[in-house]
1. Take the chain, connect every pair of alpha-carbon atoms lying under 10 Å apart with a spring to form a Gaussian network, then pick out the residue of Thr131, Thr89, Thr31 with the largest mean-square fluctuation.
2. Kindly state, to the nearest 0.05, the FRET efficiency for Ser16 paired with Glu229, given R0 = 35 Å and r defined as their beta-carbon distance.
3. As a quick test, which of the pairs Lys11/Lys97; Lys101/Lys121; Lys110/Lys242; Lys97/Lys159; Lys54/Lys134; Lys11/Lys196 have an alpha carbon distance above 29 angstrom in this structure?
4. Taking every pair of distinct Cα atoms and averaging 1/r, then inverting, what Kirkwood hydrodynamic radius in Å comes out for region 36-157?
5. Would you mind working out the magnitude of the charge dipole of region 32-176 relative to its Cα centre, with +1 at each Lys and Arg C-beta and -1 at each Asp and Glu C-beta, to the nearest 20 Debye?
6. Once you put a point 7 Å from the Cα of Asp119 and another 7 Å from the Cα of Phe254, both along the Cβ direction, what distance in nm separates them?
7. Assign unit charges at the C-beta atoms only (+1 for Lys and Arg, -1 for Asp and Glu), then state the dipole size of region 1-78 relative to its Cα centre in Debye, rounded to the nearest 20.
8. Compare Phe48, Phe191, Phe169 in a GNM of the chain, Cα atoms joined below 10 Å, and give the one with the largest fluctuation.
Amino acid sequence: MKNTLSIENIKHHLVSEYPLHIFDCVDSTNTVAAEMASNGARHGTVIFARRQTKGRGRLGRSFASPDSSGIYMSVILEHSSGNPVLITTAAAVAVCKAIEKVCNHEPLIKWVNDIYLDDKKVCGILAEAVTNHKSGAITHIILGIGINLNDAALPPELKEIAGAINGEFSADQLAAEVINQLMSLTDGTDFIREYKERSMVIGREILVYKGGFSPEVAGTAAHALDIDENGGLIVLFNDGHKEVLSTGEISIRF
Ligand code: BTN
């Protein structure tokens, strides 16, 4: 599927109005959004790009953003609008609900916030803070969301692990529904319950990589017990100690 996002079509599906900007090509919508936030863009402003040359992922990785083959978007949230730790958790639920509603698929969430369909990652979420350069205080959270819509466009080296949402649906409607769901969830809904219902991790044997996955580092074997009220993953390591993980990465063993 080709992404032919237009502001007019996205607005048509929005429950409330938010300022929208669509660029043909940027380095990263998160970078553009951070600049706009520093220059006074309001809460709920959304930046889309048809292509990113330096799409960023978590833990210093890149995010492949081939031309018109995904929804690459960043939402500017005022810092006071919610617990920043929980914002990515809420965003994962919002993206799942939008995919369920618009695309008629039932995605799952791999902790922390990767969205999977048919055992392949179809969406990544990256929240970054914007600080006031004088006081150092966090003023905004930039919530970046990348949804793959066309697996044929993904780089060959990613094809084993990354997929795309297939089927007939409107990319404009999906983009708008992500915003609708996100803005209603950050209003204080019980999204941890909704997150847990979609977790592909709870009850599974996993490997924990505290500094992020690397082929050179052996993961630590553990059992994923639950998600706590802050979105932390409660794990029981094979040596018998329990821990709540708030960052890092896991892989599922079986
Ligand atoms: C991850 O998978 O680790 C997170 C990926 C987040 C990608 C999105 S695409 C829109 C926004 N701009 C970026 O540079 N990154 C996010």
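The values are calculated or read from the model by the stated rules, or taken from the named source; none is laboratory data. As the structure is a computational prediction, the values presented were derived from the model and not from experiment. All Cβ positions, glycine included, derive from the backbone under ideal geometry; neighbour counts span all protein chains shown. Ligands, DNA and RNA are stripped out before the accessible areas are found, and what is left, the full protein with its side chains, is counted by its heavy atoms. Shrake-Rupley method; radii C 1.70, N 1.55, O 1.52, S 1.80 Å.
1. Thr131
2. On the way: r = 28 Å, r/R0 = 0.79.
According to the calculation, E is roughly 0.80.
3. Working: Lys11/Lys97 19 Å; Lys101/Lys121 19 Å; Lys110/Lys242 20 Å; Lys97/Lys159 25 Å; Lys54/Lys134 27 Å; Lys11/Lys196 31 Å.
In this structure, Lys11/Lys196 lie more than 29 Å apart at Cα.
4. Details: mean 1/r = 0.0657 Å⁻¹.
For region 36-157, inverting the mean 1/r across all distinct Cα pairs yields 15.2 Å.
5. On the way: 14 positive and 14 negative charges, 93 e Å.
The dipole magnitude comes to about 440 debye.
6. Using points 7 Å along Cα→Cβ, the separation is 1.3 nm.
7. Details: 9 positive and 7 negative charges, 65 e Å.
Value, rounded to 20: 320 debye.
8. Maximum fluctuation in the GNM of the chain, among the listed residues, is at Phe169.
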